[in-house]
1. So in the stretch B:31-62, with the set limited to residues that are part of a loop (DSSP other than H, G, I, E, B), surrounded by fewer than 19 Cβ atoms within 10 Å (Cβ to Cβ) and over 22 Å from the mean Cα position of the chain (by Cα), which one is nearest to ligand 1 (Cβ to nearest atom)?
2. Which one of the conditions (1) in contact with a Cys (Cβ under 9 Å, 6 or more places away or on another chain); (2) away from chain A (no Cβ under 14 Å) does residue B:169 fail to meet, given that it meets all the rest?
3. Quick one: which helices (runs of 4 or more DSSP H) sit completely within the stretch A:63-175 and have at least 3 residues that are open to solvent by 10 Å² or more (accessible area, probe 1.4 Å) and in contact (Cβ under 8 Å) with a residue 24 or more places away in the chain?
4. Just to be sure I understand, how many residues within the stretch B:296-307 are open to solvent by 60 Å² or more (accessible area, probe 1.4 Å) and in contact with a helix residue (DSSP H, G or I) (Cβ under 7 Å, 6 or more places away or on another chain)?
5. Tell me, please, whether a residue that is within 27 Å of the chain's Cα centre (by Cα), open to solvent by less than 10 Å² (accessible area, probe 1.4 Å) and at the interface with chain B (Cβ under 10 Å from one of its Cβ atoms) can be found in the stretch A:321-337.
6. Take residues that are buried (at least 21 other Cβ atoms within 10 Å of the Cβ) and more than 13 Å from chain B (Cβ to nearest Cβ) and tell me which of the helices (runs of 4 or more DSSP H) falling wholly in the stretch A:190-295 contain 3 or more.
7. Could you please give the count of residues in the stretch A:312-341 that are part of a helix (DSSP H, G or I) and in contact (Cβ under 8 Å) with a residue 24 or more places away in the chain?
8. In the stretch A:178-187, is there at least one residue being open to solvent by 10 Å² or more (accessible area, probe 1.4 Å) and either under 20 Å from residue B:338 (Cα atoms) or within 9 Å of chain B (Cβ to nearest Cβ) (or both)?
Protein chains: 2
Amino acid sequence: MTASVSVVEPDITKLLDHLARQPALARRLGGARDQWSAREIGDGNVNLVFAVHGPAGAVCVKQAPPYVRAAGPSWPLTPQRVLFEHRALVEHRRHAGPYVPEPLHVDPKEHLLTVEYLEGHTVMRGGLTAGACYPHFAGQVARYLARTLFFTSDLALPAGRKRELVSLFEANTAMCQIMEDMVFTEVFLPHPRNRWTSPELDEDVERLQRDTELKLAVSRLKQRYLTSRDALLHGDLHTGSIMVSEDSLGVIDQEFACYGPMGFDLGTLLAHLLIAYFAAGARGPDRAGQQGWLLSTVEQVWDGFRTHFTELWRHHADGDGYPPALFTGAATAALEAERQRYLDELFTETLGFCGAEIIRRVVGFARPADFTTVTDPAHRAAAERRSLALARALTAAPTAYRSAADLTAAARNS
Amino acid sequence: MTASVSVVEPDITKLLDHLARQPALARRLGGARDQWSAREIGDGNVNLVFAVHGPAGAVCVKQAPPYVRAAGPSWPLTPQRVLFEHRALVEHRRHAGPYVPEPLHVDPKEHLLTVEYLEGHTVMRGGLTAGACYPHFAGQVARYLARTLFFTSDLALPAGRKRELVSLFEANTAMCQIMEDMVFTEVFLPHPRNRWTSPELDEDVERLQRDTELKLAVSRLKQRYLTSRDALLHGDLHTGSIMVSEDSLGVIDQEFACYGPMGFDLGTLLAHLLIAYFAAGARGPDRAGQQGWLLSTVEQVWDGFRTHFTELWRHHADGDGYPPALFTGAATAALEAERQRYLDELFTETLGFCGAEIIRRVVGFARPADFTTVTDPAHRAAAERRSLALARALTAAPTAYRSAADLTAAARNS
Ligand SMILES: Nc1ncnc2c1ncn2[C@@H]1O[C@H](COP(=O)(O)OP(=O)(O)OP(=O)(O)O)[C@@H](O)[C@H]1O
Ligand SMILES: Nc1ncnc2c1ncn2[C@@H]1O[C@H](COP(=O)(O)OP(=O)(O)OP(=O)(O)O)[C@@H](O)[C@H]1O
Ligand SMILES: [Mg+2]
Ligand SMILES: [Mg+2]
């Protein structure tokens, strides 16, 4: 028995003991301890995740081993990550309650995080891969993004409170390092972790790694990720971090949370919607309807975000940024123009991060199921090549796109 | 006896007791405790500062009361500020040793900071006001700026170490708040702390406070100050924070240190050189030589900074930003062009902060001696009005200036 197997073997008894010791959790499950049943549901690579059901209710428990679960002890990773996930849940739920599962308990010694179990929800990426559309998704996620980003920014928070939060999340450096390496660096070098559809994309990857203009644009984005402290990000907002049901949405897996550029969360989400779009194209003509829905969702996510964010700024500018007292009377129109300029710049930044995320998902370590489940390599490679072409254009020349409609037109023509 | 007088009365006995308790400090002073003499030398508004001399040497001790010294207990301010000053001295001295006094001891309970006494140095603002020129200044301060800013940035530090420093300095929020209020906000509103040469500048101030374009530009700079974590700043780099002798330079008073935009330190310093230039003009034609020296110093500070910073980036890029491994062979030229683009942008940002600093020093709470010692109000107002005109242009339209020579030409024509 290897070390990694011995730890992946979940210790259910210990887990139930832990829950039984917390009166609030025990009450939530109801009944007696021997009426509770736990089952590993983690499809993820990083942690162990359990659903625990009792007579009265259910909870979800995440356990962070001191390494990457899929790799075992050979890839150590701080188990403190659950503390940051917990704190991000607390902060984001304050502002976007309906879209963030309730954090119930965190044990900093055992590195166990217990959150509301999202009954009847499935992971969005799985649904998309199977061909589903989610009509309420765009509206809900646009609100989630606008509220989490706005209310943790200097537009909403007094500087002292915001600096406190920055300070706290700055310590999530090991998780940030993963993004710094995987999104912005490794993919652009020959690196043992990289993989792609080979030999079909070999030349594309070689070209990418010689593309100096692109590498400069990506390095500028990395610099933004390293230096900007705009808002408390989810930090890994792909469609595998979103659970959906018929009419509701829950954002999970905040372990990469940090203060950073707003465009990072926005760009990551758009990237994965576009990945789903290109992957659907590889599955054949019966996916045309889903493809149309995906592109209109891309537009609605950005446009909805923009509308909500602008509204929040108009009516909840309680932070130290852009003091409203300076822009009264006739100057309110100028401030409104500045809001639109701010959002135009944010759109440009979003497109840059979107392209970088697409690229690292085609060429890097963490390839998404949308693509990997396309079994025909020629079809897969064709879809991935279209993604890369769009991504390259978005990252190297983001100002060519003025609106979300420009973006979806480019996706259609890619 | 009022509360404020009773505390400003320095408790020399307690101070010498403190020094006697620290063997390293006692050794530095030499001899016996009764051979030591302490004298208050603080010309500042915020703290009590003492020079203590003994038979073998001297130290400088800064004591932070829990309020602004000049205002008394009616204006409370965290005495923790000496801890940040101490830590900034440690970090900056690591990289710019010759220009930063050695921190010797900090007492976090008594809020006492002991540093190397800069023997034979005077505060630069005083020298400038009296008409002095400092031929070595530009070269020295350019090196100081390039090294402190570069080596605390993501260009030089691994992200983990840099995030640790950001986290630490984030707690200096009370001092940052003073800048957020005084530099970027109060001056642009009717505020009880504002003062200016009245009635001469009454209309100028009114116009300034109605200048929506300027207020937007300043708010954008405030947003940079609030959100950017580029480098560990001095945070208040005016000519009163610089001590000079014939051939050396020491930067003091790091109590506003924080991670922020590099242009803030650069712009503040240029602002005070320009203030000295305009004030000298108000003192009569015999100051023409000093005025010429001041403008050539402005150019040499920026150009020297730019040269040093570029050199450091070429040869000491040990941080996570712009990974050198991505730009080898033919791509090194592209990276060099990116460095120049980076510095062009930094110049633009610097001019913006420079203008904002000039404005708040003409209209705000902390007016500099350069101006206040010009006794004739008409002459003073004329010089201040020229400063304001230049400052307004720099902040509202910084991209109109491509080089330091453009800047000094504008100063001459203002
Ligand atoms: N609150 C919840 N309610 C229901 N199911 C959940 C909940 N949280 C997580 N899950 C399930 O557990 C899976 C793994 O969760 P999560 O993504 O948080 O773990 P992870 O190990 O960090 O994964 P990753 O490899 O994406 O980092 C999810 O994909 C989902 O199926
Ligand atoms: N290391 C030193 N060596 C010699 N003199 C010093 C030293 N540090 C400070 N001084 C003297 O003490 C004065 C006050 O120091 P400093 O500016 O640090 O105090 P402060 O109360 O914070 O002032 P401010 O009002 O500028 O914030 C300086 O202007 C200088 O004259
Ligand atoms: Mg995860
Ligand atoms: Mg001071």
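1. B:57
2. (2)
3. Working: elements: A:81-96, A:124-129, A:137-151, A:159-170.
Hits in the stretch A:63-175: A:81-96, A:124-129, A:137-151.
4. The initial filter retains those residues of the stretch B:296-307 that are open to solvent by 60 Å² or more (accessible area, probe 1.4 Å), namely B:300, B:303, B:307.
Narrowing further to those that are in contact with a helix residue (DSSP H, G or I) (Cβ under 7 Å, 6 or more places away or on another chain): B:300, B:303.
Going through the stretch B:296-307 one residue at a time, the tally reaches 2.
5. Our first condition is that a residue be within 27 Å of the chain's Cα centre (by Cα); within the stretch A:321-337, this holds for A:321.
Cutting the leftovers down to open to solvent by less than 10 Å² (accessible area, probe 1.4 Å) gives us A:321.
Those left that are additionally at the interface with chain B (Cβ under 10 Å from one of its Cβ atoms): A:321.
Checked against the condition, which is being within 27 Å of the chain's Cα centre (by Cα), open to solvent by less than 10 Å² (accessible area, probe 1.4 Å) and at the interface with chain B (Cβ under 10 Å from one of its Cβ atoms), the stretch A:321-337 yields at least one hit.
6. Details: elements: A:202-209, A:212-227, A:262-282.
Fully inside the stretch A:190-295 and qualifying: A:262-282.
7. Looking only at that region, the number is 5.
8. As a first pass, look at the stretch A:178-187 and keep what is open to solvent by 10 Å² or more (accessible area, probe 1.4 Å): A:178, A:181-182, A:185-186.
Still in the list and also either under 20 Å from residue B:338 (Cα atoms) or within 9 Å of chain B (Cβ to nearest Cβ) (or both): A:181, A:185.
Within the stretch A:178-187, one or more residues are open to solvent by 10 Å² or more (accessible area, probe 1.4 Å) and either under 20 Å from residue B:338 (Cα atoms) or within 9 Å of chain B (Cβ to nearest Cβ) (or both).
The values are calculated or read from the model by the stated rules, or taken from the named source; none is laboratory data. Please read all numbers here as calculations on a predicted model, not as lab measurements. Don't worry about glycine lacking a Cβ; one is built from the backbone with ideal geometry, like all the others, and counts go over all protein chains shown. Ligands, DNA and RNA are excluded from the accessible area calculation, which covers all protein heavy atoms including side chains. Shrake-Rupley method; radii C 1.70, N 1.55, O 1.52, S 1.80 Å.
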